[in-house]
Amino acid sequence: MNNIFIKVLVGILFGVALGLISVPLSKRLIISRSEDPGDVIVLRKKSTYILTALAGAVSAVGFVLTADDKTVLIRNLALLLPMLTIAIVDSLIRKIPNSLLLVMIITQAVYVAYVCVTTHTNYALINAGIGFFLGFLAFTLPSFLKVPVGAGDVKYSAVIGLIMYIGCYLQVMMIVGILVLVVYIILKATKRGGMKTLIPMGPFISASTVISMCFPVLNSLVVLENMF
């Protein structure tokens with residue numbers, strides 16, 4: 001009981017810190033990419049800090065309580081800040097900073113290298129490569145069907161595939177689809193938009209990835225080593 005309490009406390013403290021840091025970081029990234037000073041007004045509100053701190057705390061506690069081992073936990077926590085920041089920046093200016101994607105790629109590369117060395121196999125590397133290709137393909141194909149997809153969304157999807165591997169990437173996309181559908185229903189019901197309304201995908205991908213990291217239901221179904 002005490003062990004769980006300590007884990008939750010550590011998760012809350014770490015998550016709140018990351019959530020609070022994501023706001024000024026987002027502000028800096030937005031200012032460097034937008035000429036409209038109004039894009040950062042919402043980041044000055046106390047409610048924004050409260051919401052990001054809450055999102056960070058919930059995510060971090062979820063990671064702490066569900067991670068299979070310390071290595072996965074460290075990786076997930078390291079990825080949380082860029083995912084939170086991407087969600088904020090994309091929701092405000094519809095852009096996903098390449099610098100944050102690079103941080104995520106480097107973090108995952110270190111994790112994959114560690115797993116390959118400690119397990120003496122290359123399954124993690126192969127799964128990451130296939131996931132990256134799948135993530136890139138999943139968001140590239142709609143563009144050929146004249147469905148508007150931002151370049152940032154394509155890159156973010158590919159990076160998530162790199163991180164989540166095959167099975168969990170499919171789970172992420174399923175959750176993204178559900179969340180987007182709910183939003184479209186709300187927009188339609190409130191007469192604020194419809195199926196043709198363009199919405200930023202970054203927040204949905206980030207949220208769905210966090211959920212899938214905590215509850216990787218499909219991971220064991222499609223992980224490469226389980227195919228042999």
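The values are calculated or read from the model by the stated rules, or taken from the named source; none is laboratory data. The model shown is predicted, which means the values in this text are computed figures rather than measured ones. Heads up: the accessible areas ignore ligands, DNA and RNA and are worked out on the full protein's heavy atoms, side chains in. Shrake-Rupley method; radii C 1.70, N 1.55, O 1.52, S 1.80 Å.
Counting only protein chains, not ligands or nucleic acids, how are Arg33, Arg192 ordered by accessible area (probe 1.4 Å), most first?
Correct descending sequence by accessible area is Arg192, Arg33.
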Handout entry: Kirkwood Rh in Å, taken over the chain so that all alpha-carbon pairs contribute
Key = 18.4 Å
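Taking the Kirkwood radius as the inverse of the mean 1/r across Cα pairs, report the Rg/Rh of the range 1-90.
Rounded to two decimals, Rg/Rh equals 1.07.
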Exercise for the section: Could you state how much accessible area Met173 has, in square angstrom rounded to the nearest 10, with a 1.4 Å probe and all protein chains kept in place? Expected result: 40 Å²
Completion exercise
Descending accessible area (1.4 Å probe), largest on the left, turns Ile31, Ile126 into Ile31, Ile126
Problem - Where Rh is the Kirkwood radius over Cα pairs, Rg/Rh for the range 159-210 - result: 1.07
Practice task
Determine ³J(HN,Hα), in whole Hz, for all residues of the range 108-118 in sequence, where each value follows from phi through the Karplus function 6.51 cos²θ - 1.76 cosθ + 1.60 and θ = phi - 60°; x replaces Gly and Pro.
Solution key: 5, 4, 5, 4, 4, 4, 4, 5, 5, 5, 6
